[in-house]
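Beneath this line is the structure, given in C-alpha coordinates, with notes to follow.
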Amino acid sequence: MKNRSQFIERYVLRPPLICYQIFVRYWLKIGVSQNRSDSDLNIGNFQFDNNGFMTAYFGNVQYLYAKCRKSAPSEIENFVDVGSGDGAVAYFMARKFPKLRCYGIEIDSSLHDLAMNHISDDTSNLRYLHISALDWNFELLLKNSSVLFFFNSFGKDSLRVFLTKLMSYSQEKDVTLYFIYLNDVHRELFEERGIKNVYLNKRKQSIWQISQSNNL
Ligand SMILES: C[S@@+](CC[C@H](N)C(=O)[O-])C[C@H]1O[C@@H](n2cnc3c(N)ncnc32)[C@H](O)[C@@H]1O
(Lines give C-alpha, C1' and ligand atoms only; values in the text may rest on other atoms or scores of the structure.)
Protein backbone atom coordinates (compact mmCIF):
# COMPACT_ATOMS: atom_id res chain seq x y z
CA MET A 1 0.00 0.00 0.00
CA LYS A 2 1.58 3.27 -1.16
CA ASN A 3 0.75 5.27 1.92
CA ARG A 4 -1.52 5.30 4.90
CA SER A 5 -4.30 7.24 3.16
CA GLN A 6 -5.17 4.10 1.18
CA PHE A 7 -5.34 2.12 4.38
CA ILE A 8 -7.54 4.75 6.03
CA GLU A 9 -9.87 4.89 3.00
CA ARG A 10 -10.23 1.14 2.82
CA TYR A 11 -10.32 0.03 6.42
CA VAL A 12 -11.02 3.00 8.69
CA LEU A 13 -13.42 5.34 6.87
CA ARG A 14 -15.35 2.53 5.20
CA PRO A 15 -14.70 -0.62 7.17
CA PRO A 16 -15.80 -3.63 5.14
CA LEU A 17 -17.11 -5.88 7.87
CA ILE A 18 -19.37 -5.31 10.81
CA CYS A 19 -16.89 -7.11 13.04
CA TYR A 20 -14.21 -4.67 11.97
CA GLN A 21 -16.46 -1.81 13.06
CA ILE A 22 -16.72 -3.45 16.44
CA PHE A 23 -12.94 -3.71 16.53
CA VAL A 24 -12.55 0.00 15.70
CA ARG A 25 -15.07 0.93 18.39
CA TYR A 26 -13.10 -1.15 20.83
CA TRP A 27 -9.92 0.74 19.98
CA LEU A 28 -11.83 3.97 20.32
CA LYS A 29 -11.78 3.28 24.02
CA ILE A 30 -8.23 1.92 24.10
CA GLY A 31 -6.27 4.67 22.46
CA VAL A 32 -3.18 5.65 20.67
CA SER A 33 0.08 3.78 20.86
CA GLN A 34 2.04 5.20 23.75
CA ASN A 35 5.49 3.89 22.96
CA ARG A 36 8.23 6.29 23.73
CA SER A 37 11.94 6.21 24.21
CA ASP A 38 13.36 8.10 27.16
CA SER A 39 16.04 9.75 25.13
CA ASP A 40 15.54 13.21 23.72
CA LEU A 41 17.02 13.98 20.34
CA ASN A 42 18.50 17.31 19.41
CA ILE A 43 18.17 18.46 15.86
CA GLY A 44 19.05 21.98 14.83
CA ASN A 45 17.88 24.45 17.43
CA PHE A 46 15.09 22.35 18.85
CA GLN A 47 14.70 19.21 20.80
CA PHE A 48 12.09 16.49 20.59
CA ASP A 49 11.37 13.16 22.12
CA ASN A 50 12.31 10.11 20.12
CA ASN A 51 9.30 9.83 17.92
CA GLY A 52 9.50 6.89 15.62
CA PHE A 53 5.88 6.29 16.52
CA MET A 54 2.73 7.23 14.74
CA THR A 55 -0.87 7.23 15.84
CA ALA A 56 -2.23 3.80 15.05
CA TYR A 57 -5.89 3.98 16.08
CA PHE A 58 -7.70 6.81 14.42
CA GLY A 59 -10.91 6.13 16.34
CA ASN A 60 -9.16 7.52 19.37
CA VAL A 61 -8.36 10.78 17.61
CA GLN A 62 -12.01 11.09 16.72
CA TYR A 63 -13.03 10.30 20.28
CA LEU A 64 -10.76 13.00 21.75
CA TYR A 65 -11.82 15.49 19.10
CA ALA A 66 -15.46 14.85 20.05
CA LYS A 67 -14.56 15.77 23.64
CA CYS A 68 -13.17 19.11 22.41
CA ARG A 69 -16.31 19.77 20.39
CA LYS A 70 -18.46 19.09 23.38
CA SER A 71 -16.54 21.58 25.48
CA ALA A 72 -16.10 24.27 22.79
CA PRO A 73 -18.36 27.33 23.00
CA SER A 74 -18.49 27.58 19.21
CA GLU A 75 -17.91 25.44 16.14
CA ILE A 76 -14.35 24.13 15.84
CA GLU A 77 -12.89 25.32 12.57
CA ASN A 78 -9.32 24.07 12.48
CA PHE A 79 -7.54 20.88 13.38
CA VAL A 80 -3.75 21.06 13.44
CA ASP A 81 -1.53 18.03 13.90
CA VAL A 82 1.60 19.59 15.39
CA GLY A 83 4.37 17.23 14.32
CA SER A 84 2.29 15.41 11.77
CA GLY A 85 4.76 12.72 10.72
CA ASP A 86 3.44 11.00 7.60
CA GLY A 87 0.28 13.11 7.80
CA ALA A 88 -2.15 10.25 8.37
CA VAL A 89 -3.95 11.82 11.34
CA ALA A 90 -4.63 15.10 9.51
CA TYR A 91 -5.71 13.12 6.47
CA PHE A 92 -8.09 10.98 8.50
CA MET A 93 -9.67 14.05 10.13
CA ALA A 94 -10.00 15.88 6.81
CA ARG A 95 -11.83 12.96 5.23
CA LYS A 96 -13.96 12.29 8.27
CA PHE A 97 -14.94 15.93 8.79
CA PRO A 98 -15.08 17.63 5.39
CA LYS A 99 -16.03 21.01 6.91
CA LEU A 100 -13.05 21.03 9.26
CA ARG A 101 -9.88 22.71 7.99
CA CYS A 102 -7.06 20.30 8.72
CA TYR A 103 -3.34 20.98 8.80
CA GLY A 104 -0.24 18.93 9.41
CA ILE A 105 2.93 20.70 10.50
CA GLU A 106 6.11 18.68 10.15
CA ILE A 107 9.75 19.61 10.42
CA ASP A 108 11.19 16.51 8.76
CA SER A 109 11.29 16.91 5.00
CA SER A 110 11.04 13.21 4.15
CA LEU A 111 7.96 12.84 6.36
CA HIS A 112 6.46 15.99 4.89
CA ASP A 113 7.01 14.55 1.40
CA LEU A 114 5.23 11.37 2.46
CA ALA A 115 2.33 13.41 3.81
CA MET A 116 1.99 15.26 0.50
CA ASN A 117 1.00 11.93 -1.08
CA HIS A 118 -2.32 12.24 0.76
CA ILE A 119 -3.29 15.36 -1.16
CA SER A 120 -5.92 14.69 -3.82
CA ASP A 121 -9.17 16.13 -5.23
CA ASP A 122 -10.93 14.86 -2.10
CA THR A 123 -8.78 16.82 0.30
CA SER A 124 -9.50 20.48 -0.39
CA ASN A 125 -9.73 20.99 3.40
CA LEU A 126 -6.25 19.56 4.04
CA ARG A 127 -2.88 21.31 4.00
CA TYR A 128 0.60 20.24 5.05
CA LEU A 129 3.28 22.71 6.09
CA HIS A 130 6.95 21.92 6.15
CA ILE A 131 8.13 24.09 9.05
CA SER A 132 9.16 23.81 12.66
CA ALA A 133 6.17 24.27 14.92
CA LEU A 134 8.39 26.53 17.00
CA ASP A 135 8.74 28.96 14.10
CA TRP A 136 5.08 28.85 13.24
CA ASN A 137 3.23 32.12 13.87
CA PHE A 138 -0.20 30.49 14.31
CA GLU A 139 -1.66 32.39 11.40
CA LEU A 140 -3.92 29.41 10.72
CA LEU A 141 -5.68 29.78 14.01
CA LEU A 142 -7.14 33.21 13.58
CA LYS A 143 -10.71 32.09 14.12
CA ASN A 144 -12.39 30.43 17.07
CA SER A 145 -11.91 27.58 17.84
CA SER A 146 -9.04 25.28 16.97
CA VAL A 147 -7.80 21.89 18.08
CA LEU A 148 -4.11 21.12 18.23
CA PHE A 149 -3.17 17.46 18.22
CA PHE A 150 0.15 16.68 19.81
CA PHE A 151 1.72 13.24 20.10
CA ASN A 152 5.33 13.09 21.35
CA SER A 153 6.31 15.92 19.09
CA PHE A 154 8.96 17.56 21.18
CA GLY A 155 10.64 17.52 24.55
CA LYS A 156 10.03 19.61 27.64
CA ASP A 157 12.06 22.70 26.78
CA SER A 158 10.54 23.02 23.35
CA LEU A 159 7.06 22.37 24.69
CA ARG A 160 7.56 25.15 27.26
CA VAL A 161 8.49 27.62 24.51
CA PHE A 162 5.62 26.46 22.33
CA LEU A 163 3.07 26.77 25.13
CA THR A 164 4.20 30.27 26.06
CA LYS A 165 3.78 31.35 22.44
CA LEU A 166 0.38 29.70 22.19
CA MET A 167 -0.87 31.37 25.36
CA SER A 168 0.26 34.84 24.21
CA TYR A 169 -1.39 34.24 20.88
CA SER A 170 -4.64 33.18 22.50
CA GLN A 171 -4.61 36.28 24.73
CA GLU A 172 -3.80 38.65 21.93
CA LYS A 173 -6.35 37.34 19.43
CA ASP A 174 -8.95 36.15 21.93
CA VAL A 175 -9.10 32.64 20.48
CA THR A 176 -9.81 29.40 22.30
CA LEU A 177 -7.48 26.53 21.55
CA TYR A 178 -7.89 22.91 22.54
CA PHE A 179 -4.68 20.99 22.97
CA ILE A 180 -5.01 17.20 22.69
CA TYR A 181 -1.89 15.88 24.37
CA LEU A 182 -1.05 12.21 23.89
CA ASN A 183 1.58 10.59 26.08
CA ASP A 184 1.37 13.69 28.25
CA VAL A 185 4.64 13.17 30.09
CA HIS A 186 5.13 16.94 30.52
CA ARG A 187 1.64 17.58 31.80
CA GLU A 188 2.97 19.69 34.65
CA LEU A 189 3.78 22.47 32.16
CA PHE A 190 0.05 22.92 31.66
CA GLU A 191 -0.78 22.55 35.32
CA GLU A 192 1.76 25.09 36.52
CA ARG A 193 0.40 27.65 34.03
CA GLY A 194 -3.16 27.16 35.29
CA ILE A 195 -4.34 25.93 31.89
CA LYS A 196 -7.82 24.46 32.17
CA ASN A 197 -7.96 20.69 31.97
CA VAL A 198 -10.91 19.45 29.94
CA TYR A 199 -10.19 15.73 29.93
CA LEU A 200 -7.74 13.28 31.46
CA ASN A 201 -7.43 9.51 31.42
CA LYS A 202 -5.15 6.86 32.81
CA ARG A 203 -3.51 6.25 29.45
CA LYS A 204 -1.58 9.53 29.56
CA GLN A 205 -3.99 11.36 27.30
CA SER A 206 -5.32 14.77 28.19
CA ILE A 207 -7.05 17.76 26.68
CA TRP A 208 -6.32 21.35 27.71
CA GLN A 209 -8.19 24.52 26.96
CA ILE A 210 -6.04 27.56 26.29
CA SER A 211 -8.04 30.77 26.36
CA GLN A 212 -7.92 34.41 27.42
CA SER A 213 -8.73 33.44 30.98
CA ASN A 214 -5.32 31.76 31.45
CA ASN A 215 -2.62 33.73 33.22
CA LEU A 216 0.45 34.50 31.18
C1 LIG B 1 5.44 10.79 17.30
S2 LIG B 1 5.42 11.63 15.75
C3 LIG B 1 3.66 11.86 15.65
C4 LIG B 1 3.19 11.81 14.24
C5 LIG B 1 1.69 12.05 14.08
N6 LIG B 1 1.26 13.23 14.76
C7 LIG B 1 0.90 10.86 14.55
O8 LIG B 1 0.29 10.96 15.63
O9 LIG B 1 0.89 9.85 13.86
C10 LIG B 1 6.03 13.25 16.16
C11 LIG B 1 6.45 14.08 14.95
O12 LIG B 1 6.79 15.39 15.39
C13 LIG B 1 7.76 15.91 14.49
N14 LIG B 1 8.41 17.08 15.09
C15 LIG B 1 9.31 17.10 16.09
N16 LIG B 1 9.64 18.36 16.37
C17 LIG B 1 8.94 19.17 15.54
C18 LIG B 1 8.86 20.56 15.36
N19 LIG B 1 9.57 21.42 16.09
N20 LIG B 1 8.02 21.05 14.41
C21 LIG B 1 7.28 20.21 13.65
N22 LIG B 1 7.34 18.87 13.77
C23 LIG B 1 8.14 18.34 14.72
C24 LIG B 1 8.68 14.71 14.27
O25 LIG B 1 9.47 14.84 13.11
C26 LIG B 1 7.65 13.56 14.18
O27 LIG B 1 7.29 13.30 12.87
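The values are calculated or read from the model by the stated rules, or taken from the named source; none is laboratory data. This structure is a prediction, so every number in the text was calculated from the model and none was measured. Cβ: placed from backbone, ideal geometry, glycine included. Neighbour counts: every protein chain shown.
Within segment 163-216, can you find the residues that are modelled with pLDDT of 95 or more, aromatic (Phe, Trp, Tyr) and either buried (at least 20 other Cβ atoms within 10 Å of the Cβ) or out of contact with any helix residue (DSSP H, G or I) (no Cβ under 6 Å at 6 or more places or on another chain) (or both)?
Listed by number, the residues that qualify are TYR178, PHE179, TYR181, PHE190, TRP208.
Select from segment 131-144 the residues that are assigned to a loop (DSSP other than H, G, I, E, B) and more than 9 Å from the ligand (Cβ to nearest atom) and list them in ascending order.
Result: ASN137, PHE138, LEU142, LYS143, ASN144.
What pairs come up if the first residue lies in segment 77-97 and is over 18 Å from LEU182 (Cα atoms) and assigned to a strand (DSSP E or B), the second is small (Gly, Ala, Ser) and more than 8 Å from the ligand (Cβ to nearest atom), and their beta carbons are under 9 Å apart, counting only those six or more places apart or on different chains?
ASN78/SER145; ASN78/SER146
From the list LEU126, LEU159, pick out the single residue that is more than 13 Å from the ligand (Cβ to nearest atom) and buried (at least 20 other Cβ atoms within 10 Å of the Cβ).
LEU126
Quick one: in segment 145-189, which of the residues that are in a loop (DSSP other than H, G, I, E, B) and within 18 Å of ALA90 (Cβ to Cβ) is farthest from the chain's Cα centre (by Cα)?
So the residue we want is SER145.
Can you say whether LEU126 is within 16 Å of MET54 (Cα to Cα) and out of contact with any Ser or Thr (no Cβ under 6 Å at 6 or more places or on another chain), as far as the supplied structure shows?
Criteria not met by LEU126.
Please identify the pairs in which a residue from segment 44-61 that is under 22 Å from VAL12 (Cα atoms) has its Cβ atom under 7 Å from the Cβ atom of a residue that is among the acidic types (Asp, Glu) and modelled with pLDDT of 80 or more, counting only partners at least 6 apart or on another chain.
Pairs that qualify, where the first residue is under 22 Å from VAL12 (Cα atoms) and the partner is among the acidic types (Asp, Glu) and modelled with pLDDT of 80 or more, are MET54/ASP86.
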